[in-house]
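Okay, so here's the structure we're looking at.
The values are calculated or read from the model by the stated rules, or taken from the named source; none is laboratory data. Remember, predicted model here, so these are calculated numbers, not experimental data. Every residue, glycine as well, gets a Cβ built from its backbone with ideal geometry; the counts of neighbours run over all protein chains shown.
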Amino acid sequence: MKKKALIFGITGQDGSYLTEFLLKKNYIVHGVVRRSSSINTKRIDHLYEDFFKKNKRLYLHYGDITDGLSVKDIIYNVKPNEIYNLSAQSHVAVSFQIPEYTANVDALGTLRILDSIRSLKLEKKIKFYQAGTSEMYGDVLETPQTEKTPFNPRSPYAVSKVFAHLMGKNYREAYNIFVSNGILFNHESPRRGETFVTRKITLGLTKIKLGMQKKLVLGNLDAKRDWGHAKDYVEAQWLMLQQKKPDDFVIATGKTYTVKKFLEMVAKKLRMKIVWKGKGINTRGYYKGKIIIECNKKYFRPSEVNFLLGKPLKAKKILGWKPKTNISQLIDEMVTEDLKSLSE
């Protein structure tokens with residue numbers, strides 16, 4: 001009998017890659033989609049199956065993780081073998097502007113799923129994956145960060161994710177629910193939202209190269225991040241739920257780069273020579289004598305996270321997982337797709 005998976009956040013970057021992965025594994029996949037006046041399923045449109053098709057393997061349900069009744073109803077009707085909670089208000093800077101909504105989605109949304117599993121008495125049937133983030137480490141207390149590194153969050157987004165992580169552990173210990181927490185460091189792809197810094201850089205520099213944009217305005221160029229490919233990271237999510245016992249895992253590449261270095265690698269791919277002048281907020285990037293890169297305080301967070309570096313030794317040892325895509329290959333893929341979409 002085919003396994004059934006239920007994905008909250010199926011229309012996001014990770015949700016789309018996970019859906020592809022699970023369909024290749026012969027799963028029946030159910031996804032939760034928020035109702036919108038405009039179509040918001042772009043990332044999974046290529047996987048869509050006609051409503052009347054027989055033997056469908058992808059089903060979409062209208063629901064919202066902020067609505068406990070819809071969460072419980074969907075879980076009751078689907079009765080999945082695995083639930084992946086990838087839904088989130090995941091933009092760190094935006095979380096400072098809408099902290100209550102961020103907490104409602106990222107923190108309480110997780111609790112709604114966990115308590116639905118408990119109240120429906122599906123503890124023995126369902127395995128649950130909770131998507132955590134390296135942002136939970138915040139102002140890091142040790143480097144590199146492992147599963148044992150204390151959390152020190154620096155944003156409403158990160159605080160909400162710490163709540164979700166700890167609530168998952170609580171329900172695992174109190175009610176014997178199979179809950180595995182992934183502590184995922186930054187993972188990118190051509191499907192990354194255009195307001196996230198990596199995609200903002202690849203898309204912005206590509207537009208400048210093509211003469212479609214004059215300038216790219218960024219925030220903290222000195223922030224260091226551990227960047228991997230989302231396609232690799234969703235495989236780790238699946239592997240966590242294939243284990244006999246639930247646990248928590250850091251998923252990372254073990255390498256870190258500044259935003260500035262990432263930008264330089266993108267420019268090199270586009271054959272653009274960037275000349276830097278100034279420091280900090282006054283940094284300027286020149287191309288062919290013109291300023292194309294500036295920094296603005298608007299894009300700095302109220303409390304910055306300057307350095308994140310994961311140590312995925314436990315994932316390698318227990319899950320047999322390691323990243324397949326390096327940062328150069330990731331950038332190649334992102335730039336190639338941006339060039340393609342802008343040339344169409």
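Just one of (1) within 21 Å of the chain's Cα centre (by Cα); (2) farther than 22 Å from I327 by Cα; (3) polar (S, T, N, Q) fails for N282. It is (1).
Picking from residues in the stretch 187-219 that are crowded, with 18+ Cβ neighbours inside 10 Å and in contact with an Asp or Glu (Cβ under 6 Å, 6 or more places away or on another chain), the one that is farthest from Y233 (Cα to Cα) is T206.
Restricted to helices (runs of 4 or more DSSP H) entirely inside the stretch 137-247, those with at least 3 residues that are closer than 23 Å to K127 by Cα and touching a residue at least 60 places away in the same chain (Cβ under 8 Å) are 156-175, 230-240. Among the residues here, K277 does not qualify as in contact (Cβ under 8 Å) with a residue 12 or more places away in the chain and loosely packed, with under 14 Cβ neighbours inside 10 Å.
Residues in the stretch 23-60 that are surrounded by fewer than 18 Cβ atoms within 10 Å (Cβ to Cβ), under 20 Å from K3 (Cα atoms) and either polar (S, T, N, Q) or modelled with pLDDT of 95 or more (or both): L23, K24, K25, N26, N55. Taking the stretch 250-344 and the strands (runs of 3 or more DSSP E) fully enclosed by it, the elements with 2 or more residues that are among the aliphatic types (A, V, I, L, M) and either over 19 Å from H229 (Cα atoms) or at pLDDT 95 or above (or both) are at 290-295. Restricting attention to the stretch 79-108, the residues being buried (at least 19 other Cβ atoms within 10 Å of the Cβ) and over 21 Å from the mean Cα position of the chain (by Cα) number 1. Note on the stretch 12-22: among residues that are modelled with pLDDT of 95 or more and either closer than 14 Å to E82 by Cβ or of a type in the set (G, A, S) (or both), the one that is farthest from the chain's Cα centre (by Cα) is L22.
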